[in-house]
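Peer 1: Just passing along the structure, written as structure tokens.
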Amino acid sequence: MENKKIKTIGVLTSGGDAPAMNAAVRAVVRTGLARGLNVKGMYRGYSGLLNEEIVDMTSKLVSNTINRGGTILKTARCLEFKELEYQQKGAEICRKHGIDGLVVIGGDGSFRGAGKLAEQGINAVGVPGTIDLDIACTEYTIGFDTAVNTAMDAIDKIKDTSMSHERCSIIEVMGRDAGYIALWCGIATGAENILIPEKFDGNLPMTELKVIDNILRSRAKGKTHHLIVNAEGIGHSYGMAKRIEAATGIETRATILGHMQRGGSPTALDRFHASMMGAYAVDLLLKGGNKRVVGYKDGAYYDLDIQEALQMTKDIDEYQLEIADILGRTIGDFH
Ligand code: ADP
Ligand code: F6P
């Protein structure tokens, strides 16, 4: 049943930006307007809320944004929002602007902020936006697909030159404490080694020894290049390259891909899911949804309680890891 109280909704993007956040904002704005709501945009995440950087959103304001990377609403990390005083202030500002439902597009941290606003009486719904794919309640997060494709393209290029020079290449990809980008890129580019924080025991010398052993065995079997995708959560790629070169005698180069992974025109998959999730969030608010997070699971969108979502954990799929290991093996390692 429709919640008659909802007349005006707000939308903000928060935390690290991600490709297709614009597609989600556009969907919130246009679905909201189509449902007869007023839609207000807040600039710079919770910072913009506290500074009352709030504008009326029109359909035109989101024209030609579906293909653009970044977020037209800007984003920020607002540490003071972790304090009750500022959460209360944020809720008061929402009330002052007549906002009775808020869509927060961001990661786990942003969802915590949304949960705090909900505790202060503002209906809030989170939409998962992060390239890291590190939100446990959902199999998809906005921006992951684009980031993986961007990293894959870069790694393919590095692999070309690495093969010509018969070198070893280490490519460090983003992901904070999660290894999803590394695992996906590693499999997609045929990496010989994929290093992810979820499987890292903190013993860097031992991890490097295993990689060195792998390189030497693979060279002995005739393979003349070696690709290592290293997750940001492990890091130390430049030092690793020096130590590998010293131990193997094989020229080794490290590249840290960095923020290029967060930019660029989003893929169709990201645009599609972001559009659906943004619209879903608006309709959820209209149905009376509050303190909810939108997720994607088993081929369908769904929603669940924010606190429940924040308490969930997820692990890297062991089967995917096993297959990554099999596929990265050198010819001759197979029976
Ligand atoms: P992400 O949303 O990508 O996980 P952050 O962890 O940086 O990114 O969080 C984004 C913002 O969400 C923070 O800068 C802060 O404004 C807000 N936030 C994070 N944690 C909390 C919290 N515990 N309480 C209230 N707000 C929070
Ligand atoms: O959460 C997205 C992300 O790009 C992570 O992969 C990375 O660890 C972090 O943000 C980098 O943050 P910043 O842009 O503040 O350096």
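Peer 1: Among the residues of segment 49-89, count how many are of a type in the set (A, V, I, L, M) and within 23 Å of ARG271 (Cα to Cα).
Peer 2: Within segment 49-89, residues that are of a type in the set (A, V, I, L, M) and within 23 Å of ARG271 (Cα to Cα) number 7.
Conditions (1) within 16 Å of ligand 2 (Cβ to nearest atom); (2) crowded, with 24+ Cβ neighbours inside 10 Å; (3) of a type in the set (D, E, K, R), marked per residue:
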{"site": "ALA23", "(1), (2), (3)": "no, yes, no"}
{"site": "GLY36", "(1), (2), (3)": "no, no, no"}
{"site": "SER47", "(1), (2), (3)": "yes, no, no"}
{"site": "GLU52", "(1), (2), (3)": "no, no, yes"}
{"site": "ASN64", "(1), (2), (3)": "no, no, no"}
{"site": "GLY69", "(1), (2), (3)": "yes, no, no"}
{"site": "ALA76", "(1), (2), (3)": "yes, no, no"}
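Peer 1: Here's another thing I want to ask about it. How do the strands (runs of 3 or more DSSP E) wholly within segment 116-229 filter down when requiring 3 or more residues that are closer than 30 Å to ASP298 by Cα, more than 14 Å from ligand 1 (Cβ to nearest atom) and more than 14 Å from the chain's Cα centre (by Cα): which remain?
Peer 2: Because the criterion is at least 3 residues that are closer than 30 Å to ASP298 by Cα, more than 14 Å from ligand 1 (Cβ to nearest atom) and more than 14 Å from the chain's Cα centre (by Cα), the strands (runs of 3 or more DSSP E) in segment 116-229 that meet it are 193-195.
Peer 1: Right, another one. If I go through segment 131-183 residue by residue, how many of them are over 30 Å from LEU216 (Cα atoms) and without any contact (Cβ under 8 Å) to a residue 12 or more places away in the chain?
Peer 2: 0
Peer 1: Pull out all pairs, ordered by first then second residue, where Cβ-Cβ is under 6 Å, the residues are six or more apart or on different chains, the first lies in segment 50-78 and is within 14 Å of ALA23 (Cβ to Cβ), and the second is in a loop (DSSP other than H, G, I, E, B) and within 16 Å of ligand 2 (Cβ to nearest atom).
Peer 2: GLY69/PRO19; GLY69/GLY263; GLY69/GLY264; GLY70/ASP17; THR71/ASP17
Peer 1: So, one more: Picking from ILE135, ILE122, ILE99, ILE93, which residue would you name as being within 30 Å of LEU195 (Cα to Cα) and among the hydrophobic types (A, V, I, L, M, F, W, C)?
Peer 2: The conditions single out ILE135.
Peer 1: When segment 105-126 is examined, which residues are found to be within 15 Å of ligand 2 (Cβ to nearest atom) and of a type in the set (A, V, I, L, M, F, W, C)?
Peer 2: Selection gives ILE105, PHE111.
Peer 1: Looking at the structure I just gave you, is LEU204 crowded, with 24+ Cβ neighbours inside 10 Å and either within 13 Å of ligand 2 (Cβ to nearest atom) or modelled with pLDDT of 95 or more (or both)?
Peer 2: In short, no.
Conditions tested, residue by residue: (1) touching a Lys or Arg at 6+ places or on another chain (Cβ under 9 Å); (2) surrounded by 24 or more Cβ atoms within 10 Å (Cβ to Cβ); (3) not charged (D, E, K, R).
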{"position": "ARG112", "(1), (2), (3)": "yes, no, no"}
{"position": "GLY143", "(1), (2), (3)": "yes, yes, yes"}
{"position": "ALA151", "(1), (2), (3)": "no, yes, yes"}
{"position": "ASP156", "(1), (2), (3)": "no, no, no"}
{"position": "MET163", "(1), (2), (3)": "no, no, yes"}
{"position": "CYS168", "(1), (2), (3)": "yes, yes, yes"}
{"position": "LEU183", "(1), (2), (3)": "no, yes, yes"}
{"position": "GLY186", "(1), (2), (3)": "no, yes, yes"}
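Peer 1: Determine which member of the set ASP160, ASP213, ASP145 is of a type in the set (Asp, Glu) and more than 19 Å from ALA241 (Cβ to Cβ).
Peer 2: The unique qualifying residue is ASP145.
Peer 1: Go through segment 163-200 and count every residue that is among the basic types (Lys, Arg) and either within 16 Å of ligand 2 (Cβ to nearest atom) or closer than 21 Å to ALA247 by Cα (or both).
Peer 2: 2
Peer 1: May I pose another question? Which number in (1) under 16 Å from ILE187 (Cα atoms); (2) within 15 Å of ligand 2 (Cβ to nearest atom) marks the one condition that GLY143 misses?
Peer 2: All conditions pass for GLY143, except number (1).
Peer 1: Would you mind listing the strands (runs of 3 or more DSSP E) fully within segment 238-321 where at least 2 residues are surrounded by fewer than 18 Cβ atoms within 10 Å (Cβ to Cβ), within 22 Å of the chain's Cα centre (by Cα) and in contact (Cβ under 8 Å) with a residue 24 or more places away in the chain?
Peer 2: By residue number, 300-305.
The values are calculated or read from the model by the stated rules, or taken from the named source; none is laboratory data. None of the values given here were measured: they were computed from a predicted structure. Backbone-built Cβ (ideal geometry, glycine too); neighbour counts: all protein chains shown.
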